[in-house]
Amino acid sequence: MRHMFFALGVSAMGHYRFLPLVAAVFVTGLVVSNIIAVKLASFGTLPLAGPLFLPAAVIIFPISYIFGDVLTEVYGYARARQVIWIGFGCNLLAVLAIWVGGLLPAAPFWNATVYDSPAAAQQAYQAILGFTPRLLIASFIAFLAGEFLNSFVLAKLKIATAGKWLWVRTILSTLAGQLADSGLFISIAFAGMVPKAALGQLIITQWLFKSAYEVIATPLTYVVVNFLKRTEQQDHYDRNTNFNPWVIG
């Protein structure tokens with residue numbers, strides 16, 4: 001079994017020197033963003049809009065979209081689809097590991113110098129790392145919808161533009177993917193808990209913030225894409241690609 005999975009990994013990525021690295025950055029950004037998303041951070045005050053509060057995950061989650069763009073632009077939609085599902089599986093594994101860790105009984109001396117009792121330390125663990133089923137469902141659905149839409153739009157635009165204007169493709173695909181991600185996550189996670197007007201404002205704010213991140217990072221995207229195309233001798237066009245997201249092979 002071990003050798004079978006190793007062979008699959010080699011056939012999928014082995015002849016591309018930097019594909020495993022790009023995939024690793026993509027997956028790391030996804031997993032880390034889900035862990036730190038519990039913290040709401042202050043990002044200052046916007047004119048006419050007031051204070052800007054967003055999950056801490058916004059500092060790294062857009063990196064997954066940037067490298068999702070890189071995957072599709074250089075290696076094609078099929079490779080990006082594989083990495084998206086790998087990211088989904090790794091995130092699920094991280095969630096399960098954190099959940100099992102929370103179930104384990106605490107040692108009597110655990111964090112004794114910080115908390116009054118192991119019970120207090122356990123509460124802190126659950127408060128920071130614990131996940132509610134609703135938030136998990138929202139996160140998983142939003143991730144898959146956003147990433148696949150982002151990759152699909154980029155692949156189609158690459159054909160429509162004959163490979164020109166990379167900045168147009170990355171920005172438009174991110175606008176579509178991030179809108180789906182933010183809209184689905186916030187709607188599923190918070191519908192009925194916050195007023196509809198506030199719900200819409202949260203969606204728009206996160207969507208614009210994450211999309212702006214992509215715009216600012218466009219020069220870096222150009223550098224990475226050009227380096228990979230030159231080094232890997234690969235510039236894929238998805239003219240005959242099966243865009244079904246459920247096809248993993």
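The values are calculated or read from the model by the stated rules, or taken from the named source; none is laboratory data. This is a predicted model, so every value here is computed, not measured. With ideal geometry, Cβ positions are generated from the backbone for all residues, glycine too; neighbour counts draw on all protein chains shown.
Could you give me the residue pairs with C-beta distances under 9 Å whose first residue belongs to segment 26-47 and is under 20 Å from Ile84 (Cα atoms), whose second residue is acidic (Asp, Glu) and in a helix (DSSP H, G or I) wherever it lies, and which are 6+ apart or on separate chains?
Leu30/Glu147
Considering only segment 45-62, I want to know if a residue exists there that is modelled with pLDDT under 90, in contact with an Asp or Glu (Cβ under 7 Å, 6 or more places away or on another chain) and among the hydroxyl-bearing types (Ser, Thr, Tyr).
no
State the number of residues belonging to segment 109-137 that are touching a residue at least 24 places away in the same chain (Cβ under 8 Å) and under 20 Å from the mean Cα position of the chain (by Cα).
8
For segment 165-197, how many residues are basic (Lys, Arg) and in contact with a helix residue (DSSP H, G or I) (Cβ under 9 Å, 6 or more places away or on another chain)?
In the first step, residues of segment 165-197 are kept if they are basic (Lys, Arg); the result is 169, 196.
Filter again for in contact with a helix residue (DSSP H, G or I) (Cβ under 9 Å, 6 or more places away or on another chain), leaving 169.
Matching residues across segment 165-197 total 1.
Taking segment 70-100 only, how many residues are under 12 Å from the mean Cα position of the chain (by Cα) and within 14 Å of Val32 (Cβ to Cβ)?
Of the residues in that region, 3 qualify.
Specify the residue that is nearest to Gly68 (Cα to Cα); the eligible residues are those in segment 143-162 that are surrounded by 21 or more Cβ atoms within 10 Å (Cβ to Cβ) and among the small types (Gly, Ala, Ser).
Restricting to residues being surrounded by 21 or more Cβ atoms within 10 Å (Cβ to Cβ) and among the small types (Gly, Ala, Ser), the top hit is Ser151.
Find the residue count for segment 58-69, including only residues that are buried (at least 23 other Cβ atoms within 10 Å of the Cβ), within 13 Å of Asn34 (Cα to Cα) and among the hydrophobic types (A, V, I, L, M, F, W, C).
The number of residues fulfilling the criteria is 1.
Here is a yes/no grid of residues against (1) touching a Leu at 6+ places or on another chain (Cβ under 9 Å); (2) closer than 20 Å to Tyr213 by Cα; (3) exposed (fewer than 14 other Cβ atoms within 10 Å of the Cβ); (4) not aliphatic (A, V, I, L, M):
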position	(1), (2), (3), (4)
Leu54	yes, yes, no, no
Ile86	no, no, no, no
Ala97	no, no, yes, no
Gly102	yes, no, no, yes
